[in-house]
Each structure stands twice: as C-alpha cells, then as structure tokens.
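Here the structure is laid out as structure tokens; the discussion comes afterwards.
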Amino acid sequence: LEAEIEAQFALFEDTGLPLDHVNSHKHMHLHPVIGATLLKVGLRHGMKALRAPIEERASLAAFEPVTGLDIAKPFARHIQRSGRAAGMKVPDRTFGLAWSGAMHAARLRGILEN
C-alpha cells in the first residue's frame with residue numbers, strides 16, 4: 001500500500017503541477033489504514049491539505065429531507081482529526097454527497113441559502 005501511494009505521489013510530481021490537496025477515488029482514504037499511510041507518505045511529499053467528506057445532514061434537511069444513513073461520517077471525522085493533528089488543512093464540511101449524481105439548481109440554491 002505504501003509503495004502504491006508513493007508511486008502516485010511520484011507520478012503527480014512528474015507533472016510539475018503544484019500539490020494543492022489530496023483526495024481519493026470514492027473516498028478510499030477514509031479507510032483507517034489507507035488514511036494513515038496516505039498521511040505518512042503525503043507529508044514526505046509536501047501534502048498540506050486533505051479532503052474529509054463530512055456533510056451535515058441537518059443543514060440539508062432544513063430545505064429538503066435526506067434519506068439513508070451517512071455511514072462514512074465516523075471515518076471522515078477520523079481522517080479530519082488525523083489530518084489536522086498532522087498539520088493538514090482539512091475542511092469543516094462538504095456539501096453534495098447526499099445527492100451525488102443528482103445535484104440540481106434547486107438543491108444548490110438550498111445549500112447556499114441555508
């Protein structure tokens with residue numbers, strides 16, 4: 001796992017682009033083992049920010065009920081705490097997860113207004 005994450009950072013460094021933040025496909029970095037390894041390797045590569053997909057469902061429910069459980073939230077909170085403890089910038093919250101693939105103007109307006 002560590003070798004793969006090292007390789008991903010090396011490939012990104014080869015682009016010459018500045019490293020802004022780190023995210024992962026389908027939020028795989030929320031897994032505690034992957035997240036811990038990502039932080040360890042990322043710090044060596046100058047990682048300064050990390051995404052923690054925490055969505056406050058109560059904020060959304062103010063204008064549209066949200067169904068289903070947010071099973072990722074405890075894992076997202078863990079990576080948020082771990083990232084901050086390692087000196088990373090980590091957002092307080094993210095919006096759009098509950099409606100992934102189904103965001104539209106009315107929902108975006110509701111998020112912005114609430």
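Remarks
- The Cα center of the stretch 41-101 and the Cα center of the stretch 1-38 differ in position by 17 Å.
- Unit charges on C-beta of K, R, D, E only; dipole of the chain, Debye: 340
- The stretch between Asp92 and Ile71 holds 5.8 nm of extra length on full extension. This uses 0.36 nm per residue minus the Cα-Cα distance.
- Under-5 Å amide H pairs with Val22, H placed in peptide plane, nonlocal only: Ala49, Leu50, Arg51
- The loop-placed chymotrypsin sites (Phe, Trp or Tyr not before Pro) in the stretch 42-114, going by DSSP, that have at most 14 neighbouring Cβ atoms within 10 Å of their Cβ come out as Phe63.
- Among Leu30, Phe95, Ser59 - extreme Cα towards positive end, dipole of the chain, charges at beta-carbon: Ser59
- Cα gyration tensor, the chain - rounded (a/c under 1.5), prolate or oblate: prolate
- Secondary-structure-derived ellipticity at 222 nm for the chain, considering helices only, amounts to -14500 deg cm²/dmol, per-run term -39500 (n - 2.57) for DSSP H runs with n ≥ 4.
- Helix screen, the chain: DSSP H segments with Cα axial length of 15 Å or more and mean Kyte-Doolittle hydropathy at least -0.5 are 2-15, 32-44.
No lab work stands behind these numbers, since they all come straight from the coordinates. Computed from a predicted structure; not experimentally measured. With ideal geometry, Cβ positions are generated from the backbone for all residues, glycine too; neighbour counts draw on all protein chains shown.
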